[in-house]
1. Which of P323, A404, F226 sits farthest toward the positive end of the charge dipole of the chain, with +1 on the Cβ of Lys and Arg and -1 on the Cβ of Asp and Glu?
2. Counting Lys and Arg as +1 and Asp and Glu as -1, each charge on the Cβ, what is the dipole of region 639-706 about the Cα centre in debye, to the nearest 20?
3. Run the quick spin-label model on R411 and R465: label points 7 Å from Cα toward the beta carbon, then report their separation in nm to one decimal.
4. As a footprinting exposure proxy, order T342, T94 by other Cβ within 10 Å, with the fewest listed first.
5. Beyond a 28 Å Cα-Cα separation, which of these cross-linked pairs lie in this structure: K447/K519; K447/K625; K473/K519?
6. Counting only C-alpha contacts under 8 Å and six or more residues apart, can you give the relative contact order of the chain as a whole percent?
7. Test of understanding: what is the full-extension gain from E443 to E330, defined as 0.36 nm times their sequence separation minus their Cα-Cα distance?
8. Treat the count of other C-beta atoms within 10 Å as a stand-in for reagent exposure and order R538, R418, R507 from fewest to most.
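Computed from the coordinates by the stated procedures, all read-outs in this text should not be read as laboratory data. Remember, predicted model here, so these are calculated numbers, not experimental data. Quick reminder, even Gly has a Cβ in these numbers, built from the backbone with ideal geometry, and neighbours come from all protein chains shown.
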Amino acid sequence: MNSSSFSRRRLLRNAGAVSCLAVAEPWRAVNGLLAADAPAPFLNRFPRMVQEAYVARVGDILRARHERVMALASRADAENYIAQARSKIERSFTLGGAGAWPERTPLNPRVTGVVERDTYRIEKVIFESRPEFYVTANLYVPKGLKGRVPGVVGSCGHSANGKAHEAYQSFSQGLARQGYVCLIFDPIGQGERLQYVDENLKARMGTGTSEHMLAGNQQSLVGEFFGAWRAWDGMRALDYLLSREEVDPKHVGITGNSGGGTMTTWLCGVERRWTMAAPSCFVTSFLRNLENELAADTEQCPPGVIAAGLDHGDFIACMAPRPVVLLTQEQDYFDVRGARQTFEEVRHLYKLLGAEENISLFTGPGGHGYAQDAREAMYSCFNKATGLGESPAKEPPLKLEEDAVLQCTVRGQVAEMRGRTVYSYTKLKAEQLATKRGELEPEVLKKRIESWLRPNARSNELDYRILRPRTVKGQPLPSVTTFLVQPMSAPDSENRPQIEMPTIVYRWYAAPNFSRPPKHDGPAMLYIAHDSSDAELRAPTQQNIFRSMKNAALYACDVRGLGDSRPNTCGENSYASFYGCDYFYSAYGLMLDEAVVRQRVQDVCTAIDFVHRHGGHREIHLVAKGYGAIPGAIAALLCAEVTQVSVINMLTSFGALAGTEVYKWPVSSMLPGVLERFDLPDLYRALEAKKINVIDPIGPGETVPG
């Protein structure tokens with residue numbers, strides 16, 4: 001079903017409901033979860049349900065991992081554990097090997113200028129980590145070198161000015177003044193590498209995290225991981241550093257703070273050439289971040305990493321037995337308790353390898369940042385490893401530069417060079433996958449979805465709680481009873497991590513009902529909410545569909561994370577922000593190999609089971625809106641009990657979402673790697689047999705009407 005078919009089938013149009021993108025509020029462009037106007041109040045009785053279920057599941061996995069690590073008793077045990085960790089990390093970053101690392105294409109480096117200083121010079125370097133994907137960097141080279149000297153790659157944190165930020169200039173200059181060659185490069189979306197610029201080469205969508213989330217979340221649709229893109233830049237930076245005749249390949253280190261601490265940690269796990277490392281203000285544990293409601297960038301959430309039983313310490317362990325110092329701060333929001341546990345785990349591995357002295361932990365008194373005390377701990381570690389200088393070390397006097405002095409491009413942005421952007425790669429890959437995939441037959445699609453999403457086996461038993469009925473106004477019937485339905489199914493055949501929580505199902509009655517649903521062999525309408533069935537069943541569209549069904553029973557389902565179970569974590573009323581709880585649980589779902597869409601498909605399947613088995617209904621008309629429409633339509637295809645389908649404000653296609661530069665659909669509606677397998681038009685075609693009615697479909701750049 002193409003877009004022209006959609007326009008012919010539109011039944012209702014909520015004129016004026018689609019709001020324009022507010023560039024001044026870039027997070028709306030990243031997630032765009034809600035319309036500009038405040039939504040109607042809705043029932044929200046279980047706001048901690050999602051959080052506690054995730055904490056329980058992640059806690060089970062990572063506590064078991066900690067026990068495994070600490071139970072290792074020999075050098076062979078440690079070596080075997082580290083080899084397994086490296087293999088698992090590789091699978092995570094290359095998405096099971098399907099993505100793999102890109103080809104090492106020519107760097108085509110050029111030096112666009114040189115800044116001469118008293119004891120060192122700064123070369124302004126541009127290289128290509130991928131074809132026409134430009135990286136801007138500063139190479140700090142000591143003067144008067146006699147032979148090769150150690151080299152260090154510097155990875156920046158989330159600073160708007162990237163490599164020119166005070167802390168990152170400081171350690172680069174500090175290393176150069178002590179005799180190291182240091183290459184520090186701008187991350188994607190920062191410094192001179194903005195991906196979304198206006199006609200004046202100024203940021204359109206904010207810098208740093210805003211660009212990372214916008215480009216990175218979208219990449220998941222085509223089977224890419226933004227963290228792997230960031231890591232690849234670091235690997236190619238090392239390629240360039242090692243191409244320099246000044247650098248001794250026997251001594252090359254990596255360091256960075258915050259987002260650069262992330263990349264330092266990840267690069268310890270995916271790149272074997274480092275001989276020393278110093279991650280700052282990042283290392284803790286995935287569980288501490290989850291417990292503390294601390295959302296992290298999309299690059300900080302590797303796919304399937306927790307499901308594989310990995311934590312931050314496993315990336316550091318991949319460096320063993322080479323020197324590493326973990327740099328932390330007492331007042332950092334990256335919980336120092338997690339860093340201390342990680343240190344104890346890694347120290348245990350180093351001890352088994354006979355190199356306990358090569359792992360250390362530094363904790364300063366301050367807050368988040370690469371402070372001087374942390375930099376000096378890094379210098380000391382590197383000096384001890386290389387023999388180049390004193391250990392412990394003091395930072396030499398520094399004289400920082402203005403941003404413009406360090407600029408590699410003429411106008412301060414690689415966009416002026418008309419190279420490639422992350423988005424352009426995503427769009428092209430989506431088009432290539434569409435050509436390769438072709439048009440799927442309904443039975444092929446169904447089998448593909450069943451084998452890929454693997455919803456739990458339909459349970460023979462459903463347990464449920466019956467909450468007291470409520471009297472409601474403005475809805476199709478005056479009383480509603482809530483059922484918390486729990487499928488009693490065993491873990492699936494592949495022992496996939498399960499995020500256990502009940503499914504919230506409602507049943508409307510003419511009078512209050514305190515008991516289980518009465519058996520009713522007539523038809524039923526099951527409504528899957530966009531935001532809240534409590535609010536949405538007051539709307540004319542939904543009520544008209546229900547009234548058209550004579551003698552039908554009315555049920556509804558708020559899938560996890562919406563309506564009655566919508567969390568209020570990650571900051572007060574931050575649900576729609578780019579670091580809000582919609583994104584937060586989507587990111588943890590990705591790391592658990594449990595995409596939110598898959599979890600919600602399971603919720604809808606459970607609701608269908610409940611309506612059929614406990615309500616006695618043989619025919620179910622499934623009606624789903626907005627963010628509930630994708631899991632609702634997928635479940636409708638999988639469940640024979642659904643005989644008719646209506647979707648309201650459903651996304652037109654994942655391909656269109658991948659091909660739209662600035663989109664408004666949330667990451668919770670995205671299935672990682674979906675375009676390698678199918679697209680929504682395939683699903684619409686398959687549901688023609690169930691008389692699908694597509695009402696007012698929504699494009700990627702539109703906001704779902706409230």
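1. Of the options given, the answer is F226.
2. 120 debye
3. It is 6.0 nm.
4. T94, T342
5. Beyond 28 Å: K447/K519.
6. Rounded, it is 18 percent for the chain.
7. Using 0.36 nm per residue and subtracting the Cα-Cα distance, I get 35.0 nm.
8. Starting with the residue having the fewest Cβ neighbours, the order is R418, R538, R507.
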